[in-house]
Amino acid sequence: MTEELKKQLAEKDQQIEETKNRLLRALADFDNLKKRNANEREEMVRIANEALMCALLPIIDNFERALASAEEHQINDDVLKGIALIKKQFEDALVKSGVEEITALGNDFDPNFHEAVMTREADGPDHQVIEVVQKGYTLFGKLLRPAMVIVSKRGTRGRGDEKTKNEDRPSS
């Protein structure tokens, strides 16, 4: 009889071990599910924030245009200061949300952050940003909108190569 009890005890020990292993796998699966859900939630929030920030960028562009126009047309200083203050508050809110302006002017052209809309002859090094047409922005280091820029190309005038006015335009 003791042999039979030992056999039953061994079977029960094996069942306990199998149950324990299933429980550990279930706990690991549950932990993985929680992590995956948290990652998916963070990704959804990031995508929503990215879409919102992209929608807000034209507003900051328009503030800059309004300020330039107000200065050009010599609008009342108080109105100009008010617009500048609102623009500054808006920029500060964007920065707090992780949006940063891409520094482009005077830097080498970087296709990861700049979109060349034109090249222009200039003194100095080739492939340098000489004018920013539209500012670019990143959100926590990820590109939101590339900076639209004009890039320098080394001038060849005076060396026998005359440029045409249509050289900056792509051929059809």
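The values are calculated or read from the model by the stated rules, or taken from the named source; none is laboratory data. Here the structure is a predicted model, which means the values were calculated and not measured. Note that we place each Cβ from the backbone using ideal geometry, even for glycine, and neighbour counts take in every protein chain shown. When the accessible area is computed, the model is the full protein with side chains, heavy atoms only, and any ligands, DNA or RNA have been set aside. Shrake-Rupley method; radii C 1.70, N 1.55, O 1.52, S 1.80 Å.
In terms of accessible area, using a 1.4 Å probe and ignoring ligands and nucleic acids, 19, 119 rank largest first as 19, 119.
Highest mean packing first, where packing is the average number of other Cβ atoms within 10 Å per residue, the peptides 32-44, 129-141 line up as 129-141, 32-44. Converting phi to 3J(HN,Hα) with the Karplus coefficients 6.51, -1.76 and 1.60 and the offset θ = phi - 60°, the range 22-37 yields 4, 5, 5, 5, 5, 5, 5, 4, 5, 4, 4, 4, 4, 5, 5, 4 Hz in sequence order, with x at every glycine or proline. Volume per residue for the chain equals 241 cubic angstrom (convex hull of Cα atoms). Per-residue SASA remark: residue 77, around 100 Å² accessible (1.4 Å probe; ligands, DNA and RNA not included). Figure note: 114, 127 ranked by solvent-accessible area, largest first, 1.4 Å probe, ligands and nucleic acids not counted: 127, 114.
Write down the percent of antiparallel bridges among all DSSP beta bridges whose residues are both part of the chain, to the nearest 5. About 60 percent, rounded to the nearest 5. Taking 70, 51, 147 in turn, the Gaussian network model of the chain (Cα-Cα springs below 10 Å) assigns the largest fluctuation to 70. Distant-in-sequence amide contacts of residue 144, defined by a placed amide H-H separation under 5 Å and a gap of 5 or more residues or a different chain, comprise 137, 138, 139. Heavy-atom accessible area for residue 97, with the other protein chains in place and a 1.4 Å probe, reaches approximately 50 Å². Computed over the range 82-142, the quotient of the alpha carbon radius of gyration and 2.2 N^0.38 Å is 1.36. Residue by residue, the range 55-68 carries 3J(HN,Hα) couplings of 5, 7, 4, x, 5, 5, 4, 5, 4, 5, 5, 4, 5, 4 Hz when phi is fed to the Karplus relation 6.51 cos²θ - 1.76 cosθ + 1.60 (θ = phi - 60°); x denotes Gly or Pro.
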